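Notes to accompany the following structure.
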Amino acid sequence: MDTDGTPSPTTASASGLDPDRVLVLGDALLPPGVGRSTGARVIADDLAASTGRGADVTVVPWSSSGPGGVDAGLGLDTSTYDVVLLAVPDAAVLGRAPSHVVLGVTAVIDAVRPGIDRAAVVVVALPAGAERGFLAAAVQASGPGIVALAVDGGPGARPRVIEVLHAVLAEQRARADSPQGHREGPQDEQRRYEALDRLGIIDTPGEERFDRIVDGMRRLFRTRGAAINFLPEGRQWTKSGTWNASGDTALEDSFCRTTVTGPGPMVVGDAWHDAGGLPRNAIRFYAGYPIETLDGVRVGAVCVFDPTPRNELSVEVDLLRDFAVLARTELYR
């Protein structure tokens, strides 16, 4: 548990579409005196302010990132992240020979590397010291896809790292082979089923906290229907919904089944005139956004829908993502 009372690891999201995903190993860049949940939110907000996109930031304590990898130790699916940021603590550097520091940091990189996307970049933030120039150069030269920098302590450290993250993400997005592009396709369905099993949400009774989210969506988007849906094997299951949304729905009648095939919003102005093979039922307008686990596995969707068609461009899809993040937060309470 961190000082916020939140189990580690923890993920925080900043508003905005097309979010960047960053996995932070270590607490060294968090503001002093805050827990990981607050610290993750600060980094996410800083990154989003810099890029103009959304951000999902997961923070893992440094003690969990040693040899053996975070995949096995914490159950994280590290393949969903664009950048892994190693916030190396002072304790890993002070009083140690430079060669031992380099070996220790590269051991962490080697432990994490097998699980991350092939195009992901590892950024290493080393604490300042007499040998910081040598350490950064040696770590960066230790393998491909590594960017290392030395940062001074104090309030200037995080902005410098955010600047580097911004540059790394921009360079990634300019390439055809990028982790962002790899996320565009459907995820393996078995990953979704296993994630839902771990969450233990399917077939649970209705809860007011989810009902409040659904009611907020319905009111904000002024639709007859709104729902929080999950996609276990062979069916759609509604945790909370209004108008034509409750319990189990056959997959052939599910719009959310299509929503979870991609990482972003799905908006259908008039399903009766859509050539994409969507269900033909009482729902004509539909807008949904995937609900993801803390580590980015798409398990369901928040959605609003109506029997009356609408202009697709009138939908504020960034607000839909905010509701999806709210639903994810409730899954982990």
query: Going through the range 125-194, which GluC sites (Glu not before Pro) have at most 14 other Cβ atoms within 10 Å and a DSSP loop state?
result: 184
task: Compare 282, 271, 48 in a GNM of the chain, Cα atoms joined below 10 Å, and give the one with the largest fluctuation.
output: 282
task: Could you tell me what percent of the accessible area of the range 199-333 is made up of carbon and sulfur, with a 1.4 Å probe and every protein chain present?
output: 47 percent
- line: Surrounding charge for residue 83, neighbours by C-beta under 12 angstrom, Lys/Arg +1, Asp/Glu -1, total -3
task: Find the relative contact order for the chain and round it to a whole percent, using C-alpha pairs within less than 8 Å whose residues are 6+ positions apart.
output: 14 percent
task: For 62, 237, give the ranking by accessible area with the largest first, probe 1.4 Å.
output: 62, 237
query: When the chain is treated as a GNM, springs tying every alpha-carbon pair under 10 Å, which of 169, 278, 23 comes out with the largest mean-square fluctuation?
result: 278
query: Around residue 308, with a cut-off of 12 angstrom between Cβ atoms, what is the net charge of the other residues, counting Lys and Arg +1 and Asp and Glu -1?
result: +2
message: At 1.4 Å probe size, what's the solvent-accessible area of residue 260? Round to the nearest 10 Å².
response: 10 Å²
field: Order of exposure, largest accessible area first, which applies to 10, 258 with probe 1.4 Å
entry: 258, 10
query: Under a point spin-label approximation (7 Å from Cα along Cα-to-Cβ), what is the residue 319-residue 189 distance to one decimal in nm?
result: 3.4 nm
statement: Connecting every pair of Cα atoms under 10 Å apart in the chain and solving the GNM, the largest mean-square fluctuation among 228, 283, 201 falls on 201
query: Which percent of the Cα-Cα distances in the range 217-267 go past 18 Å?
result: 32 percent
query: From the square roots a ≥ b ≥ c of the eigenvalues of the alpha-carbon gyration tensor of the range 101-168, which class results: rounded (a/c under 1.5), prolate (a/b over b/c), or oblate?
result: oblate
message: What's the magnitude of the charge dipole for the range 186-277 around its Cα centre, counting Lys and Arg as +1 and Asp and Glu as -1 at the beta-carbon? Answer in Debye, nearest 20.
response: 440 debye
- prompt: Can you give me the Cα centroid spacing of the range 183-219 and the range 251-277 in angstrom?
  reply: 17 Å
message: Tell me the per residue accessible area of the chain using a 1.4 Å probe; a whole number in Å² is fine.
response: 43 Å²
statement: Taking the chain and counting helices only, DSSP H stretches of n ≥ 4 at -39,500 (n - 2.57) each over all residues, the nearest-500 ellipticity at 222 nm comes to -10000 deg cm²/dmol
- line: So, relative contact order of the range 264-333 in percent, Cα under 8 Å, 6 or more apart, is 32 percent
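The values are calculated or read from the model by the stated rules, or taken from the named source; none is laboratory data. What you are looking at is a predicted structure, and each value in this text was computed from that prediction instead of being measured. So basically every Cβ, Gly included, is an ideal-geometry build from the backbone, and we count neighbours across all protein chains shown. Areas reflect the complete protein model, heavy atoms only, side chains present, ligands, DNA and RNA absent. Shrake-Rupley method; radii C 1.70, N 1.55, O 1.52, S 1.80 Å.
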